[in-house]
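Report on one structure; see the data block that follows.
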Amino acid sequence: MFKLIAENLSHRFEGRTVFRDVSLDLTTGQSLAVIGPNGAGKSTLLQCLLGLLRPVKGVVRRLEEERSIEISEFGERVGFVAPYVQLYDQLTGEENIKFFTALSARSVTGKDIDAILERVGLEGRGGDEVRAYSSGMKQRLKYAVALAGQPDFLFLDEPTANLDDAGRKIVFDLVEEYRSRTIMVIATNETEEYRLAEQTCQLG
Amino acid sequence: MPSRRANLVSRALAVLAKDIRLELRNRYALNAILMFGITTLTVVSFALGQSGLKPSVLGALYWIVLFFSAMSGLAHVFIREEEAGTALLLRLKGDPDPVFLGKLMFNVLLLTLMTIVVTPIFFAFTDTPSDNIGEFTVLIVLGLIGLSGATTLVAAIIARASSRGALFAVLSFPVLMPLLLVLVKASQKVLIGSGLGNILTEIQFLIAYAVIMSVGSFLLFKFVWRD
């Protein structure tokens with residue numbers, strides 16, 4: 001059982017307050033939608049929770065039972081999909097998946113990779129270099145990379161960006177499947193997407 | 001989950017393998033380093049003509065060529081991640097220790113390849129005496145490790161800055177200055193015929209520099225990588 005706790009998080013960019021005193025407390029099986037207008041700080045909040053940005057005030061605690069998880073170990077347990085996250089264009093889809101799972105100290109077999117690629121609708125394209133992918137295919141591959149690491153925490157920023165209807169359906173199914181076994185945080189403006197989560201956090 | 005420490009080497013090798021793959025597919029750093037080295041050597045050999053240079057000057061010239069060639073490509077190992085937008089996910093998923101070790105090994109490999117190409121050309125173009133090639137090779141190996149250990153951390157520091165190219169050389173220069181001075185001094189001695197026994201002090205310094213810079217960079221990298 002994992003926990004993600006944030007207490008009074010505030011962040012500023014160049015003197016402008018992006019968000020102030022945000023607190024949350026999530027346990028495995030719980031999901032949160034971070035909503036708000038453009039510029040409200042949804043992506044910034046996600047990056048603070050992920051440990052990629054240091055908030056100007058407040059603390060983020062990541063726990064397994066009552067044990068604090070180090071930031072390095074947290075990286076191995078998290079899946080992150082966002083439009084501004086890029087994969088290696090000159091590696092193939094399979095190579096990207098293998099590399100990021102190797103970084104997470106988890107092993108992945110060829111069969112596992114085929115299965116996850118099929119799950120995101122990229123069957124038969126794993127051997128192609130990512131630069132040959134469309135933007136929608138790249139988004140699907142980001143899901144494959146995130147899920148291949150068997151995450152305990154799943155962070156989705158604009159989860160259906162660049163996806164067609166079939167891709168959106170795949171994402172909604174994946175969210176349904178992983179919601180009960182992860183802590184899921186979704187940043188979005190889309191009504192259809194924030195309804196996927198049980199709780200909401202309004203910014204701005 | 002397996003122990004992270006136990007997997008340090010395998011994860012560092014994954015970073016190294018990924019960087020080798022990327023380099024083989026675009027050859028950016030390799031081309032930049034080799035072109036700079038070969039162009040410099042060609043210009044120097046034309047400028048020298050038949051006049052030749054004293055061995056003491058050749059030692060300095062060799063390390064100047066190697067230093068500037070290295071400056072043109074070593075920073076790429078981190079700049080590539082920032083420019084391609086892959087640094088964010090690598091920073092999230094990658095423990096700093098294996099990332100640094102993988103990048104360090106890649107830079108050592110890159111410099112080794114550069115040296116293998118540039119050194120014979122340098123010796124041929126400048127008529128450098130090759131009697132003490134064994135001693136010279138010892139200096140090269142220690143020099144490459146020291147150069148890579150120091151510059152890999154500097155490369156990580158400057159990767160997120162806007163004027164990266166200039167910053168890399170400016171920040172690396174003072175760090176590498178003691179290394180270069182000792183390498184030049186030791187090379188001059190070797191090229192005029194001194195054996196290993198006469199450059200023991202320099203070798204001790206080079207070993208200490210390589211160890212201190214590599215270990216120091218390894219320990220400091222997590223602060224550069226996370227903050």
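Values in this text are rule-based calculations from the coordinates and carry no lab data. Keep in mind that what you see is a predicted model, and the values were worked out from it rather than measured. Neighbour counts are summed over all protein chains in view; Cβ atoms, including those assigned to glycine, are modelled from backbone coordinates with ideal geometry.
Taking the Cβ-Cβ separation of A:ASP173 and A:THR17 as r and a Förster radius of 30 Å, what is the calculated FRET efficiency to the nearest 0.05?
Efficiency computed from Cβ-Cβ geometry: 0.20.
Calculate for chain B the 222 nm mean residue ellipticity that helices alone would give, adding -39,500 (n - 2.57) per DSSP H run of length 4 or more and normalising by residue count, nearest 500 deg cm²/dmol.
Counting only the DSSP helices, I get -28000 deg cm²/dmol.
I'd like the orientation of helix B:8-26 relative to chain B: the angle between its Cα long axis and the longest Cα principal axis, in ° from 0 to 90, rounded to 10.
The helix B:8-26 is inclined about 70 degrees to chain B.
Using only the Cα atoms of the protein assembly as shown, what do you get for the radius of gyration and for Dmax, in Å?
Gyration radius and largest Cα-Cα distance of the protein assembly as shown: 25.3, 81 Å.
Once fully extended, how much extra length lies between B:ILE133 and B:VAL211, figured as 0.36 nm per residue of separation less the alpha-carbon to alpha-carbon distance?
That pair, B:ILE133 and B:VAL211, stretches by 25.7 nm at full extension.
Mean Kyte-Doolittle of at least -1.0 and a Cα length of 15 Å or more along the axis: which whole DSSP H helices of chain A meet both?
Membrane-span-like by this rule: A:93-103, A:135-148, A:165-179.
Once both axes come from the Cα atoms, what is the angle between helix B:28-48 and the longest principal axis of chain B, in degrees from 0 to 90, rounded to 10?
Between the helix axis and the principal axis of chain B, the angle is about 10 degrees.
If contacts are Cα pairs under 8 angstrom and at least 6 residues apart, what is the relative contact order of chain B in percent?
29 percent
Step through the table entries A:LYS3/A:LYS42; A:LYS3/B:LYS18; A:LYS169/B:LYS93, compare each Cα-Cα distance with 23 Å, and write down the pairs that go over it.
The pairs that break the limit, which is 23 Å between Cα atoms, are A:LYS3/B:LYS18; A:LYS169/B:LYS93.
Place +1 on the Cβ of every Lys and Arg and -1 on the Cβ of every Asp and Glu in the range A:75-196, take the dipole about the Cα centre, and give the residue among A:VAL108, A:ALA166, A:GLN90 whose Cα lies farthest towards its positive end.
Projecting each Cα onto the dipole axis, the largest value belongs to A:VAL108.
With only Lys, Arg, Asp and Glu charged, each at its Cβ (+1 for the first two, -1 for the last two), find how big the charge dipole of chain B is about the Cα centre; round to the nearest 20 debye.
680 debye
Over the range A:2-153, what per residue volume does the convex hull of the Cα atoms give, in whole Å³?
That works out to 130 Å³ per residue.
Between B:GLY143, B:ALA14, B:LEU89, whose Cα lies farthest towards the positive end of the dipole of chain B when Lys and Arg beta carbons carry +1 and Asp and Glu beta carbons carry -1, centred on the Cα centre?
Working it through, the farthest residue towards the positive pole turns out to be B:LEU89.
So, R0 is 56 Å and r is the distance between the beta-carbons of B:ASN26 and A:GLU66; what FRET efficiency does that work out to, to 0.05?
0.75
For B:TYR209, A:TYR84, what ranking results if the residue with the fewest other Cβ atoms within 10 Å of its Cβ goes first?
The most exposed by this proxy come first: A:TYR84, B:TYR209.
Per residue, how big is the convex hull of chain B when only Cα atoms are used? Give it in Å³.
Taking the convex hull of the Cα positions in chain B, it is 123 Å³ per residue.
Check cross-link reach from B:LYS189 to the aspartates and glutamates: straight Cα distance under 15 Å, and skip same-chain residues fewer than eight apart.
B:ASP131, B:GLU135, B:GLU202
Below 8 Å between Cα atoms, with a sequence gap of 6+, how large is the relative contact order for chain A in percent?
32 percent
For a quick check: sort A:PHE74, B:PHE78 by the number of other beta carbons within 10 angstrom, fewest at the front.
With the sparsest Cβ surroundings first, the list reads A:PHE74, B:PHE78.
No solvent, one uniform scatterer per C-alpha: report log10 I(q)/I(0) for the range B:1-122 via the Debye equation at q = 0.10, 0.21, 0.22 1/Å, two decimals.
The computed values of log10 I(q)/I(0) come out as -0.41, -1.13, -1.20.
Two-decimal Rg/Rh of the range B:51-152 from alpha-carbon positions, Kirkwood Rh?
Ratio of gyration radius to Kirkwood radius: 1.09.
Show that you can apply the helix-only estimate: for chain A, add -39,500 (n - 2.57) for every DSSP H stretch of four or more residues, divide by all residues, and state [θ] at 222 nm to the nearest 500.
Computed mean residue ellipticity for chain A: -10000 deg cm²/dmol.
Can you tell me the dipole magnitude for the protein assembly as shown around its Cα centre, using point charges on the Cβ only (Lys, Arg +1; Asp, Glu -1), in Debye to the nearest 20?
760 debye
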